[in-house]
Amino acid sequence: MTDYVTFTGRVEPMIWGKATYTVLPLPPDVAAALSGARRVEGEINEHPVNLAPTRAPVLDGVFLWTGQSLLDRIGITPGEAVEVRLRPAPDDLVEVPEDVTHALRAAGVL
C-alpha cells in the first residue's frame with residue numbers, strides 16, 4: 001500500500017450559487033501525490049475518513065467535501081486547522097463483515 005501524505009489544512013466554506021459547502025482544499029503537492037485516486041483514505045484529526053478528491057468550477061485545485069456530519073463527527077468547525085493523513089484507497093474494495101460472510105456461505109451463495 002502507498003505511504004501516507006500528511007499536511008496541516010484548514011476546512012473552509014465554498015460558495016457555489018446559492019449554496020455554501022465546507023471543503024478541505026488539498027495543497028498542490030498533496031493533490032499531485034494522490035492524482036489518479038478515485039478515493040483517498042486516512043485520517044483528519046485522527047478520525048478515519050474515506051473520501052473522493054473533487055474539483056469544482058468555483059474553486060481552484062482539488063478538495064475533499066467535508067459536510068456537516070463529518071465536521072460534527074470530528075468535532076471541528078470551518079476555519080480550524082486540521083492534521084490530515086491520506087493515501088489512495090484501493091479501488092472496488094468492499095469489506096464484508098464476518099457475520100455476513102458466514103450467512104452467505106450458509107445460504108450457499110459463496
Next item on the list: Would you please list the contacts, defined by Cβ atoms under 9 Å and residues six or more apart or on different chains, that run from a residue in the stretch 16-27 that is in contact (Cβ under 8 Å) with a residue 24 or more places away in the chain and surrounded by 13 or more Cβ atoms within 10 Å (Cβ to Cβ) to a residue that is assigned to a strand (DSSP E or B) and among the hydroxyl-bearing types (Ser, Thr, Tyr)?
Entry: Val23/Thr54
Margin query: Would you confirm whether or not the stretch 65-81 contains a residue that is over 17 Å from the mean Cα position of the chain (by Cα), without any contact (Cβ under 8 Å) to a residue 40 or more places away in the chain and under 15 Å from Leu24 (Cα atoms)?
Written below: no
Notebook entry, point to check: Would you pick out the residues in the stretch 45-64 that are free of Cβ contacts under 8 Å to residues at least 24 places away in the same chain, part of a loop (DSSP other than H, G, I, E, B) and within 17 Å of Val11 (Cβ to Cβ)?
Noted result: Ala52
Next item on the list: Answer yes if at least one residue in the stretch 77-91 is part of a loop (DSSP other than H, G, I, E, B) and of a type in the set (A, V, I, L, M), and no otherwise.
Entry: yes
Next item on the list: Please work out which one of (1) at pLDDT 95 or above; (2) surrounded by 11 or more Cβ atoms within 10 Å (Cβ to Cβ) is the condition Pro78 fails and give its number.
Entry: (1)
Check: How many residues are in a loop (DSSP other than H, G, I, E, B) and not polar (S, T, N, Q) if we restrict to the stretch 1-44?
Finding: 13
Check: Looking at the stretch 40-54, which of the residues that are charged (D, E, K, R) and touching a strand residue (DSSP E or B) at 6+ places or on another chain (Cβ under 6 Å) is surrounded by the fewest Cβ atoms within 10 Å (Cβ to Cβ)?
Finding: Glu43
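The values are calculated or read from the model by the stated rules, or taken from the named source; none is laboratory data. Everything numeric in this text was worked out from a predicted model, so none of it was measured. Cβ: placed from backbone, ideal geometry, glycine included. Neighbour counts: every protein chain shown.
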